[in-house]
Amino acid sequence: MIDYNQYIMSVREKIFYVITAAIVIFVIGLIFYRNCLIALLLCPLALFYPEIKRKEIIKRRKAELSIQFKDMLYSLSSSLSAGKSVELAIKDIVNDLEIIYPEADAYINQEIKWMIRNLEMNQPIELLFHDFAQRSGIDDIYNFSEVFSVANRAGGNLIEVIKNTSSIINDKIEIQQEIDIMLAEKKFEQRILNIIPILIILLLSIYAEDYIKPVFYTLPGRIVMTICLLLFIAAFLISKKISDIRV
């Protein structure tokens, strides 16, 4: 099954991301140095981009799984409220989840079907949830698996446990969505501000070429442009880090 803490890119994906990043880096290098050779020398930095993209994909998958897990808990709680055992409830919620997530590759659908197959081989449900939690790398799922395991063995109120867990996850997701909405405008402003230095250099290159020419063709000028480029990269990374608020 899927290990949500890992993502192995195909060769095709890596090539695509490297080429895309190399083009962007080359263009930026050309704008800052107006020298194809220097711009080409910067292109190997594109080799780091697939790793950055891989982390973004892992983060996105976990966010999707967290939302899907919340919906799964709602369905599971409803089935348990009808008096069904956990094992039967797990088998029953497949249809509900396929309505909510009709995509064949929806993560939670794959996980539930995997659980059903293992339940048919008499695997304990606690171990299945624990394995799922370990692979997910999501604290909420891990905490649920621990509480579920204790409650199931001790004969606790599973319905209440699931409802409480679902409520907590839902609250966290709603808070995260509110934060994302509040930050949406700021993130847009951040993107604009990240582009402005490049636009300024382009405009000066077009409309004040004699004025800006020394920074492209003299050693002190290139040192200054290198410092500016480093500051530009630092500002981009810092602004991205600041706007990445997680609950």
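Brief remarks on what is shown
- Some residue of the range 110-127 being buried (at least 17 other Cβ atoms within 10 Å of the Cβ) and in contact (Cβ under 8 Å) with a residue 40 or more places away in the chain: yes
- Verdict on Glu51 being modelled with pLDDT under 90 and either assigned to a helix (DSSP H, G or I) or touching a strand residue (DSSP E or B) at 6+ places or on another chain (Cβ under 7 Å) (or both): no
- One residue stands out among those in the range 80-94 that are modelled with pLDDT under 85 and not β-branched (Val, Ile, Thr): the one that is surrounded by the fewest Cβ atoms within 10 Å (Cβ to Cβ), which is Gly83.
- Residues that are part of a loop (DSSP other than H, G, I, E, B) and within 21 Å of Ile195 (Cα to Cα) within the range 1-38 comprise Arg34, Asn35, listed in sequence order.
- The residues listed here are Pro214, Pro220; of these, the one that is touching a Gly at 6+ places or on another chain (Cβ under 6 Å), assigned to a helix (DSSP H, G or I) and free of Cβ contacts under 8 Å to residues at least 60 places away in the same chain is Pro214.
- Sub-6 Å Cβ pairs linking a first residue in the range 19-37 that is without any contact (Cβ under 8 Å) to a residue 12 or more places away in the chain to a second residue that is outside any helix (DSSP H, G or I), at least 6 apart or interchain, number zero.
Results for (1) of a type in the set (S, T, N, Q); (2) on the phi > 0 side of the Ramachandran plot; (3) in contact with a Cys (Cβ under 7 Å, 6 or more places away or on another chain), shown as yes or no for each residue.
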residue	(1), (2), (3)
Ser77	yes, no, no
Val86	no, no, no
Asn122	yes, yes, no
Ala133	no, no, no
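- Filtered by the rule that a residue be of a type in the set (S, T, N, Q) and surrounded by fewer than 17 Cβ atoms within 10 Å (Cβ to Cβ), the range 27-77 gives a lone residue, Asn35.
- Qualifying residue in the range 90-98 (condition: without any contact (Cβ under 8 Å) to a residue 24 or more places away in the chain, more than 22 Å from Ile2 (Cα to Cα) and in a helix (DSSP H, G or I)): yes
- Sub-9 Å Cβ pairs linking a first residue in the range 44-69 that is in contact (Cβ under 8 Å) with a residue 12 or more places away in the chain to a second residue that is among the acidic types (Asp, Glu) and outside any helix (DSSP H, G or I), at least 6 apart or interchain, number zero.
- Index of the failed condition, Phe144 passing every other in (1) modelled with pLDDT of 80 or more; (2) part of a helix (DSSP H, G or I); (3) surrounded by fewer than 16 Cβ atoms within 10 Å (Cβ to Cβ): (3)
The values are calculated or read from the model by the stated rules, or taken from the named source; none is laboratory data. All figures in this text were calculated on a predicted structure; none of them were measured in a lab. All Cβ positions, even for glycine, are placed from backbone atoms using ideal geometry, and neighbour counts span all protein chains on display.
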